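Notes to accompany the following structure.
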Ligand code: SF4
């Protein structure tokens, strides 16, 4: 059992994601913890099996310490490094209050550099704009710091072996770009200070409602706290940073709602760092709306929606661990006749590239055959994935055809182009689940989510159970119908 006073890589990873989580892990009431989400469980299992697969393919000889634990593991790691082992897998190192379990320690010159095997991409963003992942970076920096303290570090250039079979070097002291001059090493140092303050109970962290909460094992407990305190992060898109900036003046949504907000506006600025006048007014209006028990959604800007005899409501399902788009679903409505609408799905029958291409081709042909039509989807995900699929399978369609398909004249991203730009809702977020449920729609599944669908798909691949496949299809169909429900709801909205 690891002493709570050690700072581990996992703890730093969590702090970057949500500083409240390590606080809860250390000091929260264990009986308040939710069950581990099945999708999170799946991610762990996939991470472990990916690591084993990568290691079994390493050509060079290495010292395998993965079967050892605790002090014995650490002692054997030190022995292996003293003996100059070229590569050590599954070791443990510590120095002062730092403890690390790097997947890899590689001899470079006369000392070591640490690495992790990750079942995700080694960086994020695209090509020239690729950025190192903060949560990977702080872990690698911790290992490097330990090696330095032991006089065993060869450089501040640790690495990740990623899902694409690439080695991504983490230059810990390199600025992350002109607009992001921070370095991973600086981030690590700050995160380390935060970790020490949390352990010493000198820093009082607060929950903040955000995208990662629904998969977290403290979700129920945190939501209870947030609801009770009428926390500002329960306003859509406000988030921890803005909440903390606003906190000297407002600790509750109701305080913000009842304030004279113009008192805080100073020309083109406000009293709150990083929050401009328009943003402050937007959240003030949101606070008023959610605080009003009879508050109704409304338009904030004119909404012009094209009309067409054929409307397609489009939603895809993607397994990021397999890098596979396994389902393209459409609800087709003609002449606005909801009673006659129908669901059409293109599902991959296995995880091969040939099947992924087949499903993409059939989905593409389906849309082409329905031209002219309007395609509705929710968030940029569908466009991003179809661009990637076009790049992967260029014989299906051209770059120009994809761009033409997603031209705003014939495709509407209801989230970015309509909900975000031109509406307000008395809800705590703007997810399709929340908004469609607000409008009275109910998913047939008791646990509907994209993450759950990925977990079902994994089980279907293992079992070929037709009931699981049907569950995936029903969920996707309901997502498509929810998009239609939302469109119809938006058409009914009153003006601001
Ligand atoms: S539920 Fe959200 S706020 Fe609470 S610990 Fe988890 S991620 Fe943090």
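Derivation of every value follows stated rules applied to the coordinates shown; laboratory data play no part. Worth saying up front: this structure is predicted, and the values here are computed from it rather than measured. Ideal geometry is used to build each Cβ from the backbone, glycine not excepted, and the neighbour counts take in all protein chains shown.
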Check: How many nm is it between the label spots at residue 247 and residue 340, if each spot is 7 Å from the Cα in line with the beta carbon?
Finding: 5.8 nm
Note to self: Suppose each label sits 7 Å from its Cα in the direction of the beta carbon; what would the residue 60-residue 388 distance come out to in nanometres?
What the structure shows: 3.1 nm
Checklist line | Estimated FRET transfer efficiency (residue 40, residue 281; beta-carbon r; R0 30 Å; 0.05) | finding: 0.20
Next item on the list: Per DSSP H run of at least 4 residues, take -39500 (n - 2.57); add these up for the chain, divide by its residues and hand me the 222 nm value, nearest 500 deg cm²/dmol.
Entry: -13000 deg cm²/dmol
Notebook entry, point to check: With axes computed from alpha carbons, what is the tilt in degrees of helix 466-491 against the longest principal axis of the chain, rounded to the nearest 10 within 0 to 90?
Noted result: 50 degrees
Next item on the list: Order by neighbour count: 215, 192, 238, fewest other Cβ atoms within 10 Å first, most last.
Entry: 215, 192, 238
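Highest mean first, what order results for 180-190, 144-154 on Cβ atoms within 10 Å? Provide the component values of the computation, followed by the final result.
Details: 180-190: 16.3, 144-154: 18.6.
My ranking of the peptides, most packed first, is 144-154, 180-190.
Quick one: length gained pulling residue 416 to residue 304 fully straight, 0.36 nm per residue minus the C-alpha distance?
On the way: separation 112, 0.36 × 112 = 40.32 nm, distance 1.39 nm.
Extending this stretch completely gives an extra 38.9 nm.
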Check: Using 7 Å Cα-to-Cβ label points, what is the residue 447/residue 164 separation (nm, one decimal)?
Finding: 3.3 nm
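Note down the relative contact order for region 197-262 as a percent, whole number, built from C-alpha pairs under 8 angstrom at least six residues apart. Intermediate results must be reported in sequence, preceding the final value.
On the way: 41 pairs, mean separation 17.2, N = 66.
Answer for region 197-262 is 26 percent.
Suppose R0 equals 56 Å. What FRET efficiency, 1/(1 + (r/R0)^6) with r the Cβ-Cβ distance, do residue 108 and residue 462 give to the nearest 0.05? Working shown, then result.
Details: r = 40 Å, r/R0 = 0.72.
Efficiency, rounded to the nearest 0.05: 0.90.
Work out, step by step, the length gained on full extension between residue 369 and residue 395: first 0.36 nm times the residue separation, then minus their alpha carbon distance; give nm to one decimal. Walk me through the numbers on the way to the answer.
Values: separation 26, 0.36 × 26 = 9.36 nm, distance 1.74 nm.
Extra length available between residue 369 and residue 395 comes to 7.6 nm.
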Notebook entry, point to check: How high is the FRET efficiency between residue 79 and residue 196 when r is their beta carbon distance and R₀ equals 22 Å, given to the nearest 0.05?
Noted result: 0.15
Checklist line | Sequence-separation-based contact order of the chain, relative, with Cα cut under 8 Å and 6+ spacing, percent | finding: 12 percent
